[in-house]
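None of the figures in this text is laboratory data; all of them are computed from the coordinates on show. Since we're looking at a predicted model, the values are computed, not measured. Here the Cβ positions follow ideal geometry from the backbone for every residue, glycine too, while neighbour counts run over all protein chains shown.
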Amino acid sequence: MFEINENNEVVRERLTRAVLAGISLDDEDISSSMYELKGLAEAAGAEVLGEIVQVRQRPDKATYIGKGKVEELAEMCRNMEANTVIFNNELSGAQLRNLEDAVGVTVLDRTILILDIFAARASSAEGRLQVELAQLQYRLPRLTGFGRSLSRTGGGIGTRGPGEKKLETDRRHIQSRMDEIKREIRDVQRSREVQRSRREKSEIPVVALVGYTNAGKSALMNALLRRSEKEDKAVFEKNMLFATLDVSQRKISLDFNKEFILIDTVGFVSKLPHSLVDAFKGTLEEVLYADVLVEVVDSSSADCEFNMNVTASVLKEIGAGDIPRIVAFNKIDLLPEGRELPLVPEKSFPISAKKDIGIDELTDAVCDIIYAGQHRVRLLIPYDQGRISSYLQEKCRIYVTEYRSEGTYFEAELNDADYNRLAQYLL
């Protein structure tokens with residue numbers, strides 16, 4: 001991490017040495033969630049020194065964890081020379097302030113951490129606007145608690161602000177800026193709606209890649225682009241959490257004139273902040289217009305099933321729970337020996353996007369869904385109807401073409417609309 005001055009300029013490198021803290025309500029198992037928090041902290045550039053978990057029936061209103069645990073946490077930070085505590089849940093402004101006063105180090109919550117990662121990774125204009133909106137929505141009710149935290153730390157995780165030079169931002173100014181950002185995002189969304197309308201008119205099916213962050217969605221998109229001989233359209237991929245935040249759309253062209261639009265979406269994570277879900281709603285809406293979802297799962301992860309539950313929860317939250325889905329168990333080449341893949345009700349395929357394993361089988365399954373309802377037919381098109389022959393060759397899957405005395409003979413697949421429109425030429 002780096003220390004930033006009020007002009008958002010890097011002053012010097014600042015190492016965040018963090019202790020993680022969480023609550024197990026009614027003795028629930030939060031080991032997967034805490035492990036995920038550790039990955040998020042490391043993705044943000046922190047060195048994780050240790051963690052502390054308290055079993056409680058409900059969080060403490062003032063300090064989230066109990067008084068005794070606060071004292072234990074303070075001692076732990078002194079002994080380990082930690083300068084930051086990261087909580088596994090969202091804290092109120094008062095809780096942030098009270099904990100910092102009691103522990104004596106910077107206190108962050110899970111939401112601040114995720115927002116910081118998003119702020120660092122957003123590359124497109126829309127992505128930066130969405131992250132800034134989420135940051136402001138988070139800060140608005142926490143001006144007092146969060147402002148004090150910022151003024152004391154001066155840098156590190158959670159201080160990558162949305163661009164204001166004053167730490168104590170006026171509430172009216174924040175609301176005004178939020179309204180301005182929402183207008184700018186609506187302009188971008190109108191542009192996307194035009195693109196979506198064009199896709200619908202062209203009747204090209206849409207396939208959306210969804211799944212937990214770092215499961216390999218971008219790698220799978222690039223594998224399919226290689227199948228289409230469109231390596232020059234490859235998207236950025238890297239083995240890290242939230243490597244890509246922006247929606248990528250590519251046309252995948254297969255044999256027999258089959259094609260579809262492939263959409264790569266932002267990765268999911270448990271307890272995704274509502275401010276981020278709201279801010280990225282326009283982006284996530286692309287999933288709702290997909291004909292089929294391909295859920296990409298990191299099969300090599302010990303938390304594979306936990307990650308799948310997170311994906312199912314987010315899809316349900318955005319209203320995409322009923323869209324047909326195929327599960328792609330990615331990184332099958334890294335699956336530990338003896339570990340079995342989870343059983344799922346959907347069609348599933350073991351693949352490796354990096355090693356090009358199982359990609360053809362997965363693609364065939366996708367096509368079976370998006371091209372369901374196709375009619376295998378024989379047609380004879382008179383030579384004076386050359387535009388129809390050209391349309392068939394350009395838009396339809398052709399198996400046989402013969403030039404006969406009466407016209408051009410085709411054996412092809414037609415969708416319902418073309419089948420009804422060309423009924424007079426059927427043999």
Expected vector for region 208-219, Karplus 3J(HN,Hα) from phi with 6.51, -1.76, 1.60 and θ = phi - 60°, integer Hz, x for Gly and Pro, equals 10, 8, 10, x, 5, 4, 6, 7, x, 5, 5, 5
Set of region 408-427 residues, backbone N closer than 16 Å to the point 7 Å along the Cα-Cβ line of I398: 408-415
Expressed in nm to one decimal, what extension gain is obtained for the pair S191 and D360 from 0.36 nm per residue of sequence separation less their Cα-Cα distance? 57.5 nm
Work out from phi, with θ = phi - 60° and the Karplus expression 6.51 cos²θ - 1.76 cosθ + 1.60, the ³J(HN,Hα) of each residue of region 370-377, listed in order in whole Hz, and give x for Gly and Pro. 6, 10, 5, x, 7, 10, 7, 9
Restricting to Cα pairs below 8 Å that are 6+ residues apart, what does the relative contact order work out to for region 16-96? Please round to a whole percent. 47
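Based on the Kirkwood radius over alpha-carbon pairs, what value in µm²/s does the Stokes-Einstein equation return for the translational diffusion coefficient of region 289-386 at 10 °C and 1.306 mPa s?
The diffusion coefficient I find is 101 µm²/s.
Pulled fully out, how much extra length does the chain show between K67 and S253, if you take 0.36 nm times their separation in residues and subtract their Cα-Cα distance?
Taking K67 through S253 to full extension adds about 60.8 nm, to one decimal.
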